[in-house]
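A quick write-up on the structure given underneath.
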Amino acid sequence: MIPAGVGILHLSFGHYRRASKLSRESASACGAQGSEVLAAFETVRTAGAEPFEGDRYNRAVGEYEAKSNATAASYSLHLVNFIACQSFAMTAWMAVGALLSAWGLLTMGQVTSIISHSQAAATGFGALADQQNQFFLAGNAVSRLFQVLDAEARIETSGKARPLGEKVKIEFENVRFGYPGARGAVLRGMDFTLLPGQTTAICGPSGSGKTTVANLLLRHYDTTGGQILVGGEPLSELAPPAWRRQVGVVPQEPVLLGGTIRSNIAYGFDATDEDVRRAARLAHAHDFIENPKVMPQGYDTPVGAGRAKLSGGQKQRVALARALLTDTGAPPKVLILDEATSALDAESEAAISKALKEIKRDRTVLVIAHRLKTIAEADQILVVHRGRVIERGVSSTRRTAHEELLRNGGVYSEMVRLSRSE
C-alpha cells in the first residue's frame, strides 16, 4: 500500500517538475526578449517595428501563460494526490491503531500520540504548497513591462500617412525644444534647410543640440516652438510610424537583434531576398556576408548573443543596409547618419564612405558629426552652439563648405585646429 502511494506521488511530482522547468524556461525567454527590445528600442521605433515586436512578445507571453497554467494544474494534481495519500494513510493508521489497541498491543494514548505526530509532520509537508507563488513572480515582471509599454506617448501619434515625393526638402523654422522634466531649452531657434541631393553635416560641442535635431526629425519628440516642414508640410501632421518607415537611420553604435543577417537587414519590412541583397550591395556588405570564411551560412548566419561575432565595421555595414531598405525596396529619400564611421578602421570607413557617396544622389542626407574629418566633403556644414546655428558653410563652384568655413576663421576653423593637434 505504502509503495503504491509513494509511486503515485513520485509520478505526479515528476510531471510537475517537468512542467515547472518548461514554465521557467518560457519566463526566461520572455524576459530576454523584452530586455532585448527595450535595449534596442530606438532601433525598433525608428524601423516602425513596434507592432511586429508587440505581436512577437504577445506570442511569447501567451506561450508562458499556457505553460504556467500547465504548471499550476500539474501542481494541483500533485497536491490532490498528496492529500489523498495522506488522508488514506491516516484513515488506515487509525483503523490499524484501533485493532492494535483492541488486541492490547498498544494503548489508546499511544495510538493518539502517533496520529497527532503524523498530522504535525503532514502539516509541515503541506506547507510546501505556498511555494507555488514563485511560479507567478515572472508574471509580475510581465505586468510591469506592459505598464511601461502602455505609458502615455510624448507625441501625437495620429496624422497623415503619405509617401514622400521623389525629392524631399526639409526646413527647420525657428525650432525650439526642451526635454520633458529638464531645465532650460536645448534648441533655441534653429533655422536651416536640408536640400535633396545634398549632404548636410551638423557639428558642435557636446550638448549643443546635434542629436536632438535627429530626434526631432524622427518625431521621437515634437517641437515646443517653431516648426519642421517636410516637402512644405508640417512634420507634426505626419503619422510617426509611416514617416519613420521612409527614413533611413544609421546610429553611431548599431544594434543587431537576435536572428540572422537577413532578418536584421529586413527588420521591420516584408522584404524579398532580392531586396535584402540589393541593400547589402549598396552598403558594401554583400561580399563579406557571402564569404564562407566570415559568414558560414551567408545571409542565414545567426547573429546576436552567443552567435557569430561581427566586427564594428561589419555591424555598421549591416546597419547601413538596414537603413537603405524601405517598403518599396528602394533606398529611402531621407537618410540620417549619426557619425556612422566614427569608431571604424580605415578599410571599413572607406567602404561606408564610398557607399554613402553612391546613394546620396537625389536623397536628403543629414550627418551628425562628432569627428570633423568625416564631414570635409559635405555640401553644407552647420556649426551649432547652445541650440543655435552660429556658422554655416555651403559648397560652391569655387570652394567646399569646409574650405569656406576655414577661410572665415571662425569657430569651425578653431575646432579643426584643435582636432588636428590632438
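Screening region 332-422 for helices (runs of 4 or more DSSP H) wholly inside it with 2 or more residues that are within 19 Å of K210 (Cβ to Cβ) and in contact (Cβ under 8 Å) with a residue 12 or more places away in the chain returns the ranges 401-408, 411-421. For region 377-395, a tally of residues being modelled with pLDDT of 90 or more and more than 30 Å from R183 (Cα to Cα) returns 5. Only one of the numbered conditions (1) surrounded by 15 or more Cβ atoms within 10 Å (Cβ to Cβ); (2) out of contact with any helix residue (DSSP H, G or I) (no Cβ under 9 Å at 6 or more places or on another chain); (3) at pLDDT below 70 is not met by H10, and that is (1). Checked against the criterion of being closer than 24 Å to D222 by Cα and at pLDDT below 85, the candidates G258, G268 yield just one match: G268. Could you please let me know if Q252 is over 16 Å from H385 (Cα atoms) and not assigned by TED's automatic domain parsing to the domain that holds V416? Spelling it out, Q252 is indeed over 16 Å from H385 (Cα atoms) and not assigned by TED's automatic domain parsing to the domain that holds V416. Each residue in region 359-387 was checked for being surrounded by fewer than 17 Cβ atoms within 10 Å (Cβ to Cβ) and either closer than 22 Å to K169 by Cβ or among the aromatic types (F, W, Y) (or both), and 3 pass. Pairs are defined by a Cβ separation below 7 Å, a sequence spacing of at least 6 or placement on different chains, a first member in region 282-300 that is closer than 22 Å to A323 by Cα, and a second member that is part of a loop (DSSP other than H, G, I, E, B); the pairs so defined are L282/L324; L282/P331; A283/L324; F288/V294; F288/M295; I289/M295; M295/T301; G298/E290. Taking the options R144, R154, name whichever one is assigned to a helix (DSSP H, G or I), basic (K, R) and at pLDDT below 70. From the options R144, R154, the qualifying one is R144. Scanning region 388-422 for residues that are under 23 Å from R188 (Cα atoms), of a type outside the set (A, V, I, L, M, F, W, C) and in contact with a helix residue (DSSP H, G or I) (Cβ under 7 Å, 6 or more places away or on another chain) turns up E391, G393, Y412.
The values are calculated or read from the model by the stated rules, or taken from the named source; none is laboratory data. Fair warning: this is a prediction, and the values are worked out from it, not measured in the lab. A quick note on method: Cβ atoms are made from the backbone with ideal geometry, for glycine too, and the neighbour counts reach across all protein chains shown.
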